[in-house]
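Input: a single structure, listed below in structure tokens.
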Amino acid sequence: MTNVNKIIELIHNPSKDDVILITKAYKFAKKAHSGSKRFTGEPYFTHAFETAKNLTLWGVDSYSIAAGLLHDVLENENIKNEILEKEFGEEILFLVDGVTKLGTLKYRGVKRHVESLRKLFIATSHDVRVLIIKLADRLHNIKTLDGHPEKEKRERIALETLEIFVPLADRLGMGRLKQELEDYAFPYIYPQEYQTVCDFFQQKNIGLSQHIEQFHLALKNKITDSGIKEVKTSYRVKGKYSLYNKLLRYKMDIDKIYDIIAFRVIVSTIEDCYRILGIIHSEWKPLPGRIKDYIAIPKPNGYQSIHSTVFTGSGEIVEIQIRTQQMHKEAEYGIASHLSYKEKYLKHSKTQPIIIKKQLGWIQELLRWQKEVSESGIFLKDLKMDFFKFRVFVFTPKGDVIDLPLDSTPIDFAYTIHSDIGNHIAGAKINRKMVSLKTTLKSGDIVEIITKKTARPTIKWLKYTNSNLARRHINLYLQRQSE
Ligand code: MN
């Protein structure tokens, strides 16, 4: 049932304005789509509704939820931009229009792949919410893909999902969404391989074994005994596509994969994470060399947890993941968990980009610096400054996306790639043309650094940098020289 209350009741403590906005968007979209049908035969509005519901579950702001309801009215129902703006204002129009524009990007093989990604990221750099709405739209489309009558189209949509949307979800740290998109797309692209994995699940009785429940109980008891407060335990079954990729790496030997079932222990503080690890290891022997501390050293997408693999004592080996509630929220919902509807957004205007949109990259940057901050405390001020600065997205010649603070130069870019590249910059090209190192980078630029062994940082470079990272490396180098 597409009842607006089904959305509103999912919001934690909605304000009066939230309810008014969402209800208005709901009514508008329902009316606009009335009479239109999806390829599945159901009313088109169901799609808009489910898209908005996905967004609500991720905990984003009410503007994004309203835009989710409205996301197809411009393209599918020929509603004019002016009308949408008059009814809902500039910000909602901006979001809906952004999603509509992304909709015209189609995956057509490797060559277009990088180009599409590039456009996506440029669109995103204005407001990351556009991309998040697009992901919610895609999730519903791929979930209902088997209702699509054309085989070719089904395959195209599934491939596009795996090649473009999954990497984006990953980069945004949205772990749960990544797995859902992968597992829905998997059977369309690799039907045989999908079957193989399903067979493995059946043979191994994965997720149904009694031992698993028994171990879960033992784990819970052990933790209760420890007296640590506010602990939640659960377990999850690995996604099929992710398992398939791991099987490929392990020559299809399923007995070498220990995280098909992973237990999760979620606590309040980082200290508790390490205490839990100690408690677990004192009861169950860990597999040597399998303890991974992603709290001290997060994964590149910002993921944090402690992983350990232990012998359960009943002949099984399981993985245990320990993390704080905050880390858990971030691992599941990533950037979306920072776009809470509670936050007050500054209105979007043409001259000033939207502030506070927690841009891509800040989580990574934050995590990268977290260690330094906790060790010295001196970068805290810098951190706060960059935190709210706008970002610019540029590309390596191979198409990798690098995000930098606004007004960055090729010097900032070089140091972001690697300090060795930074320390040996001889020149730079933007979009294949030689430029001076002072040049300000714009979103979408393809940046290439020319290095020379003999090239060295100079004090002048400090004037041309805008990232703390680059400044720190240059200062470090100059200091060493003077010593
Ligand atoms: Mn749609």
**Message:** Please count how many residues of region 157-173 are modelled with pLDDT of 85 or more and among the basic types (Lys, Arg).
**Reply:** 0
**Message:** Quick check on this structure: which one of 98, 68 is closer than 14 Å to residue 132 by Cβ, touching a Ser or Thr at 6+ places or on another chain (Cβ under 9 Å), at pLDDT below 95 and within 14 Å of the ligand (Cβ to nearest atom)?
**Reply:** 98
**Count of residues meeting criterion [crowded, with 16+ Cβ neighbours inside 10 Å and modelled with pLDDT of 90 or more] in region 305-317** = 6
**Asked** Does any residue of region 84-92 turn out to be of a type in the set (Gly, Ala, Ser), away from the ligand (no atom under 16 Å from the Cβ) and within 23 Å of the chain's Cα centre (by Cα)?
**Response** no
**Request:** May I ask you to say which residue of 228, 261 is closer than 26 Å to residue 177 by Cα and not aromatic (Phe, Trp, Tyr)?
**Result:** 261
**Prompt:** Among the numbered criteria (1) modelled with pLDDT of 90 or more; (2) under 22 Å from the mean Cα position of the chain (by Cα); (3) of a type in the set (Ser, Thr, Tyr), which single criterion is violated by residue 124?
**Reply:** (1)
**Message:** What's the number of the only condition in (1) surrounded by 14 or more Cβ atoms within 10 Å (Cβ to Cβ); (2) in a helix (DSSP H, G or I); (3) at pLDDT 90 or above that residue 211 fails to meet?
**Reply:** (3)
**Message:** Condition first: farther than 23 Å from residue 315 by Cβ and among the basic types (Lys, Arg). Now tell me which residues in region 262-294 satisfy that.
**Reply:** 275, 292
**Prompt:** Do you know which residues across region 240-277 are under 19 Å from residue 327 (Cβ atoms) and either part of a loop (DSSP other than H, G, I, E, B) or without any contact (Cβ under 8 Å) to a residue 24 or more places away in the chain (or both)?
**Reply:** 259, 268, 269, 271
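Touching an Asp or Glu at 6+ places or on another chain (Cβ under 7 Å), of a type outside the set (Val, Ile, Thr) and either away from the ligand (no atom under 14 Å from the Cβ) or over 19 Å from residue 94 (Cα atoms) (or both), is that true of residue 28? Explain how you work it out, then say what you get.
On the way: touching an Asp or Glu at 6+ places or on another chain (Cβ under 7 Å): yes; of a type outside the set (Val, Ile, Thr): yes; either away from the ligand (no atom under 14 Å from the Cβ) or over 19 Å from residue 94 (Cα atoms) (or both): yes.
Criteria met by residue 28.
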**Message:** Looking only at residues that are out of contact with any strand residue (DSSP E or B) (no Cβ under 9 Å at 6 or more places or on another chain) and hydroxyl-bearing (Ser, Thr, Tyr) in region 31-65, which one is nearest to the ligand (Cβ to nearest atom)?
**Reply:** 51
**Asked** Looking at this structure, is residue 139 within 13 Å of the ligand (Cβ to nearest atom) and of a type outside the set (Ser, Thr, Tyr)?
**Response** yes
**Request:** Filter region 39-74 down to the residues that are in a loop (DSSP other than H, G, I, E, B) and not small (Gly, Ala, Ser), then identify the one that is surrounded by the most Cβ atoms within 10 Å (Cβ to Cβ).
**Result:** 71
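Here's the yes/no breakdown for (1) farther than 30 Å from residue 172 by Cβ; (2) free of Cβ contacts under 8 Å to residues at least 12 places away in the same chain; (3) among the hydrophobic types (A, V, I, L, M, F, W, C):
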| site | (1), (2), (3) |
| --- | --- |
| 412 | no, no, no |
| 445 | no, no, no |
| 453 | yes, no, no |
| 472 | no, yes, no |
**Positions within region 155-176 being among the basic types (Lys, Arg) and either within 18 Å of residue 42 (Cα to Cα) or more than 16 Å from the ligand (Cβ to nearest atom) (or both), in sequence order** = 171, 176
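The values are calculated or read from the model by the stated rules, or taken from the named source; none is laboratory data. If you're wondering where the values come from, they're calculated on a predicted model, not measured in any experiment. So basically every Cβ, Gly included, is an ideal-geometry build from the backbone, and we count neighbours across all protein chains shown.
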